[in-house]
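Following: one structure in structure tokens, then a few remarks.
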Amino acid sequence: MNCIRIPSALASQIREDLRRPHHLAWERIGFLFTRHAANAGSSVILASNYVPVPDAEYLPTLNSAIGARFGSKPIRDAMQRILDTKEGVFHVHEHPPGHLTPSPTDLRSLSELLPAFHTVGPALSHGALILDERTIAGYLWSQREGTLNAIDVTVVGLPMLFHGAQRNE
């Protein structure tokens, strides 16, 4: 069973960043860097650091179906960090309440982005997190299948919050 664990302070930092307005974008985007721990048949992905896409990297959106666009520098920076630190990376953004599955636009862009991360860190965990006002949905990229698979997310702290892959509670 795969799951991702995020310290509550880091989860709060992510939410705070994603809710900041931007003059060119409808939404914010960031990258969550992770480490991998395994024991007796289970795999745990441990969130270590969050890096927002810098304000200057956002590009004008072409239509209302796309919440945000950004240049290639944040992607190159994430790929370099994968090489330097051997950390996995998760693309992070927010959706409206109750819409925690990847949109067609998300699926299209993530199917281009995540294989690039896998190329520079093939043994690492890469994926996406989608947040709404209360919940976090996690998705792990399967390079072999070329798909995103739902994983459990736990926010570690007080109170401890569990976000199930199947339940999206």
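With the simple model of a label 7 Å out from the Cα in the direction of the Cβ, Arg35 to Glu133 spans 3.6 nm. Entry note, the chain: relative contact order of 23 percent, from Cα contacts under 8 Å with a spacing of 6+ residues. Note on His22 and Asp84: the extension gain reaches 19.3 nm, defined as 0.36 nm multiplied by sequence separation minus the Cα-Cα distance. Annotation: the antiparallel percentage among DSSP beta bridges lying fully within segment 2-163 is about 70. Full extension from Ser109 to Ser8: what is 0.36 nm times the residue separation minus their Cα-Cα distance, to one decimal in nm? Taking 0.36 nm per residue and subtracting the Cα distance, the gain is 33.6 nm. Projecting label points 7 angstrom from Cα along Cα→Cβ for Ser48 and Thr119 puts them 2.3 nm apart.
Quick note: the coordinates plus some simple rules give every number you see, no bench work behind them. As the structure is a computational prediction, the values presented were derived from the model and not from experiment. In this analysis, Cβ positions are derived from the backbone assuming ideal geometry, glycine residues included, and neighbour counts consider all displayed protein chains.
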